[in-house]
Structure formats: structure tokens, C-alpha cells
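Below is one structure; the comments refer to it alone.
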Amino acid sequence: MQSTRFIVIRWFLVAFACSIAPIAGWASDIAQFRVTKGSVYLERGGQRLPARVGTHLQATDTVVTGADGSAGIAFIDNSLLSVGPNSVLAIERYAFNSTTHEGAFESSLRRGTLSVVSGKIAKQSPDAMKVKTPSSVLGVRGTEFLVRSTD
Amino acid sequence: MHRHYAALIASMVLGGCATSNQDFIVLLPDKEGKVGTVVVQSQKGKAVLNTAYAAARTTPDGGVQRSTASQSEVKDVFASALAAQPSRPMSFILYFESGNDEFTEESKQEVKRLLAEMARRQAPDITVIGHTDLVGPNPSNDALSLQRAERVKSILAGMGIPAERILTAGRGRREPLIPTAEGIPEPRNRRVEINVR
């Protein structure tokens, strides 16, 4: 009896793990590179990954461009961010409910240049999108703007 | 570190003239000429940017200085970032024939335009968004709109669009195309929208 119950529980665990895995994979992809030029890479969990058109981004990834680099990223709420050369852009928080359009989008331009076209998150909730730099916090109520942060 | 000392010395020598150690923020008009709002909050200052080319610079003492940027200045500083902007997302709207699973004739043409736009873009991803009219409460409309989106996803996947590039969403009754009173059946609101990125 005990062992039967154990097996049943184990089956449930396996079934559960299998069912959430693809959902987790889907939910963690929040954006894709749409443009890359020169040297562009991602920092994710201490690892450096190459970035090409079609590469997925996850919340908490950091985008880094070299002296010849630039990159454009489209998020699933239709926000568009692009960075110029010698830039470091950290995605610190990204959440988007595609039914209600509620969410949160916080990024940090540590250095370099950034162009922003805000999307559905900022349109739904005026204080949900923020861009930080080492010396300021930008509250985004739409829609298009540019930021340079010099270190 | 050396650079910071150099900047500090330079700022002392120049007697408070601007150093390069600043943020520079510029609000742009959108494609239709409309402008939004960005609020810049620094350690000791705040600036509200809400006109085209309104700009702000943070100052070494933690403040914010408001100004207006020239287009040539924008080009000098931001040309590379602007050139790397992704293409704007495009939206396509599809309708089903009432009572069956077929797209209307007009929507079949719209599907062709959608596929052409996807072919123009490199490795595009799309979101398929179902919408309903204002008949019934949120939960049932959320479920219904997601079902419609899933149905369109499987049709598009059947046309060869990789399923992993298709997200689905059920927006329910929150975004009617034609505003109507509560409870009014409106076929133009029962639609599926596709965002191509």
C-alpha cells in the first residue's frame, strides 16, 4: 500500500515536471534580438552568450555591445529597445500579462546609448516602465525617447 | 578610476563647466508626431519631459537641467542606437465566417499580407490575440478569445510558420474595435489580431 502510494506520487511529480517544463521555457522568453551589428553579447547567470537576430532574451539578462556594436530588441509587449556602441543594458525586471496588459518593465542603462519605443506595458499602466541609469530614474509614460549614460 | 580623477580635476580646472559625466535624455515625437512623457528623477532634481526634443541632463551635483536638444545633436549622439531600432510591430486583423472555421474572403487576403510581411522580416515572431464583443463577463470571454487565438495559431502553424515563433493571448472584451454598449453582439469585435515583430 505504502509503495503503491509512493509510486502514484512519483508519477504525479514526473507528470507535473513534464507539464511545466515547456510552459516555463515559453514564459521566460520575453524578447528577441531583431537587429545585431558588430560585437553584441548577452550575460546570463555569469555566462557570456553570443547574440544574433532571433536570439531570445530572458528577464535579468544583460546586453553588452562592443565599440563596433549595436543591437535592437523587440519585447513581447511590443516595446522596442535598441543600444548603440559601448553600451551595457541590464533587464532587471520584466512581467507582462497578455490578457490585462498589466506588467512591470525595469531596465538599467549602465553606460552607452539607448533608444526606447514603449509598448503595451507602459500604455496600460503609466508607472510600470522605468529606465534607470547610475544617476537617475526615468519614469516612462510613453512613448519614444533616448538616453545616454556616461561613466 | 583614473578617468574619474581626471574628470574631477578637469571639472575643478574648468571651474564647474559641464563634464562628460552626465546623463542626457531626449524625448522624441512618435511616427505620428505625438509625444509622450518621461519623468527624470535624479538624486536632487526632477524634470518632466513632455514636448518634442525636450531634453534633460543630470549635473555632477545630483541635479537635473532642462533644455531642448537639436536634431543634429540627437543624430551625433544617438545615430547608432536609432539605426539599430527594430522595425515597428505591425498588426493584422482576421475574421471568421459566422458559423464555421473559415476565414472571410477579406481575411484570406489579410493572411497573404501577413505572410508577406513575415517574409520581409528576419526570424520574426508573432502574437496571435483573440478579442470578443461585449456580450458576457470577463472570464468566459477571456477563455473564448484565447480559444480563437489558439485556433488561428494552429492554422498558421499548418501554413508553415514555426509554432515556437507564435505566442497566443486572449484579450477578452477589453479592447473592442467598435465601442458598443454592454451586451451588444458586434461581429467586428469578434476578431483575431496578429502582431508581427
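Values for this structure:
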| read-out | value |
| --- | --- |
| Residue match in the range A:62-72 (condition: among the small types (Gly, Ala, Ser), out of contact with any strand residue (DSSP E or B) (no Cβ under 8 Å at 6 or more places or on another chain) and more than 8 Å from chain B (Cβ to nearest Cβ)) | yes |
| Some residue of the range A:27-37 being out of contact with any strand residue (DSSP E or B) (no Cβ under 7 Å at 6 or more places or on another chain), modelled with pLDDT of 50 or more and exposed (fewer than 15 other Cβ atoms within 10 Å of the Cβ) | yes |
| Failed criterion for residue B:98 (all others in (1) in the same structural domain as residue B:189 (by TED's automatic domain parsing); (2) in a helix (DSSP H, G or I) hold) | (2) |
| Residues that are more than 21 Å from residue B:24 (Cα to Cα) and crowded, with 23+ Cβ neighbours inside 10 Å, drawn from the range A:83-95 | A:94 |
| The listed residue being more than 9 Å from chain B (Cβ to nearest Cβ), within 26 Å of residue B:91 (Cβ to Cβ) and free of Cβ contacts under 8 Å to residues at least 60 places away in the same chain, out of A:128, A:122 | A:128 |
| Verdict on residue A:105 being among the aromatic types (Phe, Trp, Tyr) and in contact with an Asp or Glu (Cβ under 7 Å, 6 or more places away or on another chain) | no |
| Only listed residue being modelled with pLDDT of 95 or more, within 12 Å of chain A (Cβ to nearest Cβ) and out of contact with any Gly (no Cβ under 9 Å at 6 or more places or on another chain), chosen from B:120, B:174, B:113 | B:174 |
| Long-range neighbours under 7 Å by Cβ, at least six apart or interchain, first residue in the same structural domain as residue B:145 (by TED's automatic domain parsing) within the range B:174-197, second loosely packed, with under 15 Cβ neighbours inside 10 Å and hydrophobic (A, V, I, L, M, F, W, C) | B:186/B:178; B:188/B:177; B:188/B:178; B:189/B:177; B:189/B:178; B:191/B:177 |
| Any hit, the range B:133-148, residues being of a type outside the set (S, T, N, Q), in contact with a helix residue (DSSP H, G or I) (Cβ under 7 Å, 6 or more places away or on another chain), within 30 Å of residue A:72 (Cα to Cα) and in a loop (DSSP other than H, G, I, E, B) | no |
| Matching residues in the range A:131-148 - criterion: being more than 14 Å from residue A:106 (Cα to Cα) and either basic (Lys, Arg) or more than 7 Å from chain B (Cβ to nearest Cβ) (or both) | A:148 |
| Entirely in the range A:57-124, the strands (runs of 3 or more DSSP E) that have 2 or more residues that are within 30 Å of residue B:172 (Cβ to Cβ), of a type in the set (Phe, Trp, Tyr) and at pLDDT 95 or above | A:88-96 |
| Among (1) within 23 Å of residue B:88 (Cα to Cα); (2) within 11 Å of another protein chain (Cβ to nearest Cβ); (3) within 22 Å of the chain's Cα centre (by Cα) - the single one residue B:162 does not satisfy | (3) |
| Failed item, numbered, when residue B:184 is tested on (1) more than 12 Å from chain A (Cβ to nearest Cβ); (2) touching an Asp or Glu at 6+ places or on another chain (Cβ under 8 Å); (3) buried (at least 17 other Cβ atoms within 10 Å of the Cβ) | (3) |
| Filter result for residue A:80 (touching a Gly at 6+ places or on another chain (Cβ under 9 Å), within 14 Å of chain B (Cβ to nearest Cβ) and crowded, with 20+ Cβ neighbours inside 10 Å) | yes |
| Search result, residues across the range B:53-86 that are outside any helix (DSSP H, G or I), more than 7 Å from chain A (Cβ to nearest Cβ) and either within 30 Å of residue B:196 (Cα to Cα) or touching a Pro at 6+ places or on another chain (Cβ under 9 Å) (or both) | B:53 |
| Subset tally (residues that are out of contact with any Ser or Thr (no Cβ under 7 Å at 6 or more places or on another chain), more than 7 Å from chain A (Cβ to nearest Cβ) and not in a loop (DSSP other than H, G, I, E, B)) for the range B:33-48 | 2 |
| Residue check, residue A:69 touching a residue at least 12 places away in the same chain (Cβ under 8 Å) and at positive phi | no |
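Each row is one residue, and each column tells you yes or no for (1) modelled with pLDDT of 90 or more; (2) surrounded by 11 or more Cβ atoms within 10 Å (Cβ to Cβ); (3) under 24 Å from residue A:134 (Cβ atoms).
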residue: B:2; (1), (2), (3): no, no, yes
residue: B:8; (1), (2), (3): no, yes, yes
residue: B:21; (1), (2), (3): no, yes, yes
residue: B:34; (1), (2), (3): yes, yes, no
residue: B:37; (1), (2), (3): yes, yes, yes
residue: B:44; (1), (2), (3): yes, yes, yes
residue: B:47; (1), (2), (3): yes, yes, yes
residue: B:98; (1), (2), (3): no, no, no
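The values are calculated or read from the model by the stated rules, or taken from the named source; none is laboratory data. All figures in this text were calculated on a predicted structure; none of them were measured in a lab. So basically every Cβ, Gly included, is an ideal-geometry build from the backbone, and we count neighbours across all protein chains shown.
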